[in-house]
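Please treat every number below as a calculation from the coordinates, not as lab data. Every value quoted in this text rests on a predicted model; they were computed, and no experiment measured them. Cβ: placed from backbone, ideal geometry, glycine included. Neighbour counts: every protein chain shown.
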Amino acid sequence: MAMQHRRHLVLLLTIFYFLGFLSFPADAAVKKYQFDVQVKNVSRLCNSKPIVTVNGMFPGPTIYIREGDRVLINVTNHAQYNMSIHWHGLKQYRNGWADGPAYITQCPIKTGNSYTYDFNVTGQRGTLWWHAHILWLRATVYGAIVIMPKERTSFPFPQPYQETNIILGEWWNSDVETIVNQGNKLGLPPQTSDAHTINGKSGPLFPCSEKHTFAMEVESGKTYLLRIVNAALNDELFFAIAGHNMTVVEIDAVYTKPFTTQAILIAPGQTTNVLVKADQSPSRYFMAARPFMDAPIPVDNKTVTAILQYKGIPNTVLPTLPSLPAPSDTNFALNYSSKLRSLNTPQYPANVPLRVDRHLFYTIGLGQNPCPSCQNGTQLTASLNNITFVMPKIGLLQAHYFNISGVFRTDFPDRPPVPFNYTGAPLTANLGTSLGTRLSKVAFNSSIELVLQDTNLLTVESHPFHLHGYNFFVVGSGIGNFDPKKDAAKFNLVDPPERNTVGVPTGGWTAIRFRADNPELADDSFGREFPLLLIALPHEVVP
């Protein structure tokens, strides 16, 4: 039995939509938070509507913790929706019960009930975030997580004078759940948002929004750390500050080799920390964000703004706008991503798996399945390797732990059933997908290489991918079809960026590597039509 325990398998689960407790150091602090999920009326863009919030705040409260802390967050649900919350990027070592995806690692918290999330912050420091992980409730239920380094441990970059959270989001004038349900009934994607937001505010370029503008005050000569989170549901975003450069120092709570840029690109689910020096003529400057989309897909392409204001400058001074990349600037996107590198120092090494035990190849695609009640008799659907996930009625971690049969199958394919020219001419016929809740077994502690390939089924599209419970190394990325010989020979195995969320480029591919050493899960609930979830479960777990 002991040998079986050492050799237990990890299950990787692929789905549509998106474990023992660790011992605590004697001197670790215990941080406690109370999250009351409640409905509140909020006004934006000349409209008022009820939204689901945490503690009545939009965005929700920031969690401030330190590396090594134990965190207890009691969530009480006063809203009419069942609720769960995911702590995006926290590794949850052997503690998947606290990760948060509804019907995957837990049953959702019913109206009037409470649940306490209990986890350790182990070997991580930087900026992460939390959000609802059920339906589309994360449109308003989200907030930042700030993990400070251990006591007497400094940043590996100049100490900033102050720091500020910049949380990018989306706003719909109508009820979000109603919009999603209407889209499902029609068999079409939900309508795009009416505005993007910075810290819940859309800025003065939108109607009725003069008072709904975030502003931060700076002093000349001081350096500031911006903790930027993309909490938008659907859009990759460019972000820039008029007249000011930014120095990228961290992505997804992993330090990077610093580089300076006039704009950043940040996909849904990603975080980026930048240093900004107040070295321009004292005035007021717009911070601005707008989508990046280089595929023929509708997006909310309006520009959201906030204000960086030098101390002593009156509010009557008109801010200047930054020069953002064009919405379809693929070259900027690729060049920016190529500059991201792990710090890779003795203190913060890049432990890239050099030997691969298991090669996985997943195609990301659209499909059209019959739907007699839908507008065109078909329903647009998402798939991986031509499989569309069916949501279970029992939490998958629960089904695995209690050995409940009939909830999932363990035959998800390592590669698509029929190879084709993935990024060639658009394919518009034979777009049906198979339905199922299917898993693939991989050996515990094995090293995995996963190539994510975009496809031109109806259209190509960029797509974010998030891994629960792990960071991974982005060893390669490119446009077109992945070539296992030519492209693999160019992989960066020295200092590739390490993160928990990556964007698969439009009509292209991304290759990641990670070690399956944490019984946990991985998902991609940040895309428009292609939510993907991979879950890793050990045979021996403690609830």
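Classify the chain from the C-alpha gyration tensor, please: rounded if a/c falls under 1.5, else prolate or oblate depending on whether a/b exceeds b/c. It is rounded, given that a/c, with a ≥ b ≥ c, falls under 1.5. Please work out the FRET efficiency for the pair D118 and S323, using the Cβ-Cβ distance as r and a Förster radius of 60 Å; give the result to the nearest 0.05. Efficiency for this residue pair is about 0.80. Highest mean first, the peptides 167-177, 266-276 sorted by other C-beta atoms within 10 Å per residue fall in the order 266-276, 167-177. Potential lengthening of the chain between D411 and N315 amounts to 28.4 nm, from the contour at 0.36 nm per residue minus the alpha-carbon distance. Less than 27 Å apart at the alpha-carbon level, and either on another chain or at least 8 residues along: which lysines does that give for K32? Result set, ordered by chain and number: K40, K91, K110, K150.
Extension gain for Y348-S446 works out to 33.1 nm (0.36 nm per residue, less the C-alpha to C-alpha distance). The charge dipole of the chain, taken about the Cα centre with unit charges on the Cβ atoms of Lys, Arg (+1) and Asp, Glu (-1), comes to about 580 debye, rounded to the nearest 20.
Once you have the Cα-Cα distance between A29 and S43, take 0.36 nm times their residue separation minus that, and quote the gain in nm to one decimal. The partial results should precede the final answer.
Working: separation 14, 0.36 × 14 = 5.04 nm, distance 3.85 nm.
So the extension gain works out to 1.2 nm.
Extending 7 Å from Cα along the Cβ direction at L493 and again at S220 yields two label points whose distance is 5.3 nm.
What shape does segment 148-254 take by its C-alpha gyration tensor, where a ≥ b ≥ c are the square roots of the eigenvalues and a/c under 1.5 counts as rounded, a/b above b/c as prolate, and the rest as oblate? Note, shape of segment 148-254 comes out prolate. When the chain is described by a simple charge dipole with +1 on each Lys and Arg Cβ and -1 on each Asp and Glu Cβ, the residue from T197, Q106, S281 located farthest towards its positive end is Q106. The peptide list 311-320, 508-517, put in order of mean Cβ contacts within 10 Å with the highest first, becomes 508-517, 311-320.
Looking only at the chain, where both bridge partners belong to it, what percent of the DSSP beta bridges are antiparallel (to the nearest 5)? Walk me through the intermediate numbers first.
Values: 107 of 144 bridges.
Percent antiparallel among DSSP bridges in the chain is about 75.
A straight Cα-to-Cα reach below 16 Å connects K201 with the aspartates and glutamates E170, E210, D300, residues fewer than 8 places away in its own chain not being considered.
Assuming a ≥ b ≥ c are the square roots of the Cα gyration tensor eigenvalues, decide whether segment 339-411 counts as rounded (a/c under 1.5), prolate (otherwise, with a/b larger than b/c) or oblate. Please report the intermediate quantities before stating the final value.
On the way: a/c = 2.92, a/b = 1.62, b/c = 1.79.
Since a/c reaches 1.5 but b/c is at least a/b, the shape of segment 339-411 is classed as oblate.
Enumerate the residues in segment 479-503 having an amide nitrogen under 20 Å from the point lying 7 Å beyond the Cα of A425 toward its Cβ. From segment 479-503, the list is 480-481.
Only lysines eight or more places from K339 in sequence, or on another chain, were considered; those with a Cα closer than 18 Å are K257, K490. In this rough spin-label picture, where each label sits 7 Å from Cα along the Cβ direction, the K211-K486 distance is 6.0 nm.
Label sites at I404 and E177, each approximated as a point 7 angstrom past Cα along Cα to Cβ, lie 2.2 nm apart.
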